[in-house]
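No lab work stands behind these numbers, since they all come straight from the coordinates. Values in this document were obtained by computation on a predicted structure and should not be read as measured data. All Cβ positions, even for glycine, are placed from backbone atoms using ideal geometry, and neighbour counts span all protein chains on display.
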């Protein structure tokens with residue numbers, strides 16, 4: 001099985017020759033528009049790997065969500081997360097659905113972790129083709145901020161900690177500015193790619209409950225088929241392979257009703273952390289959707305071989 005860097009070395013070099021996503025994120029550049037040149041190159045990778053039969057089930061649900069957004073509602077898409085190809089393959093297949101898909105794609109704003117911009121310029125291309133708001137997904141406890149350490153390292157840690165706070169505050173202000181303007185916010189509730197050797201990586205991030213609380217409607221999106229396979233080490237060395245991609249979109253769900261029902265069930269069950277209970281319920285729904293599709297996808301894929 002080839003790696004991303006070996007199979008697409010020429011494409012990546014071409015992207016790096018012109019793609020100028022800011023590598024260092026601050027509160028002033030958390031909102032970044034899609035770079036169409038980067039999009040075209042990443043599209044070429046997806047096209048090379050996506051087998052016939054790839055597509056989206058539930059386009060009507062997505063279009064209904066878009067109409068809600070255009071009417072002023074705050075709308076979310078919550079996607080499973082397996083690799084850095086998840087957003088590229090979703091966007092590519094959306095646009096393959098025709099004008100309706102292109103409209104939906106143009107309305108998307110993804111929430112992206114700052115690591116994608118700062119870790120490796122080649123990996124930054126995979127988010128650079130898509131309009132996004134960049135956040136620091138989790139703020140580590142920083143003793144330096146509390147005066148627990150001394151010296152140059154402590155000052156450096158404190159400066160980094162304050163930068164992360166500034167990034168997140170700016171990102172939330174931008175989100176509030178845009179979420180009622182006909183846009184759809186795309187979010188990975190797991191917060192990180194699923195790592196098979198670490199089952200905890202598939203648990204949803206508690207902070208996602210804050211999004212559910214402040215949005216009106218949402219759809220869940222299950223991803224079946226993998227053209228990029230995560231491995232231990234740098235993201236540029238993930239394996240890639242051909243596969244049939246099937247994306248399934250749920251009917252529209254009221255965020256308020258879903259959250260209220262889930263928290264009530266958690267209270268009855270004696271669960272103390274009701275915020276985490278909401279996110280756990282989302283992840284269960286996504287897993288059910290995924291498992292419902294996978295047997296049929298595999299059967300169809302084998303029949304085509």
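Once both labels are modelled 7 Å past Cα along the beta-carbon direction, what's the residue 47-residue 26 spacing in nm? It works out to 3.8 nm between the two label points. Rounded to whole Å, give me the distance from the Cα center of the stretch 235-305 to that of the stretch 17-95. Each part reduced to its Cα centre gives a spacing of 18 Å.
Between residue 257 and residue 40, the contour length at 0.36 nm per residue exceeds the Cα-Cα span by 74.2 nm. Taking other Cβ atoms within 10 Å as a rough exposure proxy, 217, 63, 82 sort from fewest to most as 63, 217, 82.
Its Cα gyration tensor gives the chain an equivalent ellipsoid; the semi-axes, largest first and in whole Å, are 29, 26, 20.
Entry note, the stretch 211-305: relative contact order of 32 percent, from Cα contacts under 8 Å with a spacing of 6+ residues. Across the chain, the relative contact order, built from alpha-carbon pairs under 8 Å that are at least six residues apart, equals 28 percent.
Just to verify a number: FRET efficiency for residue 302 and residue 154, C-beta to C-beta distance, R0 = 51 Å, to 0.05? Intermediate results must be reported in sequence, preceding the final value.
Values: r = 58 Å, r/R0 = 1.14.
The computed FRET efficiency comes out at 0.30.
Modelled label positions at residue 103 and residue 231, each set 7 Å beyond Cα in the direction of Cβ, lie 4.3 nm from each other. Along its principal axes, the stretch 1-134 has C-alpha extents of 42, 41, 24 angstrom, given from the largest down.
Taking the number of Cβ atoms within 10 Å of each Cβ as an exposure proxy, the fewest-first ranking of 184, 104 is 104, 184. Across all C-alpha atoms in the stretch 254-297, the radius of gyration and Dmax reach 12.6, 38 Å.
What length, rounded to one decimal in nm, is gained on full extension from residue 198 through to residue 33, with 0.36 nm per residue of separation minus their alpha-carbon distance? Mind dumping the intermediate values first?
Numbers: separation 165, 0.36 × 165 = 59.40 nm, distance 3.30 nm.
Roughly 56.1 nm would be gained on extension.
Sequence-distant contacts, meaning Cα pairs under 8 Å at least 6 residues apart, place the relative contact order of the stretch 1-140 at 39 percent. Rounded to 0.05, the FRET efficiency of the residue 172 and residue 292 pair, given R0 = 25 Å and the Cβ-Cβ distance, is 0.15.
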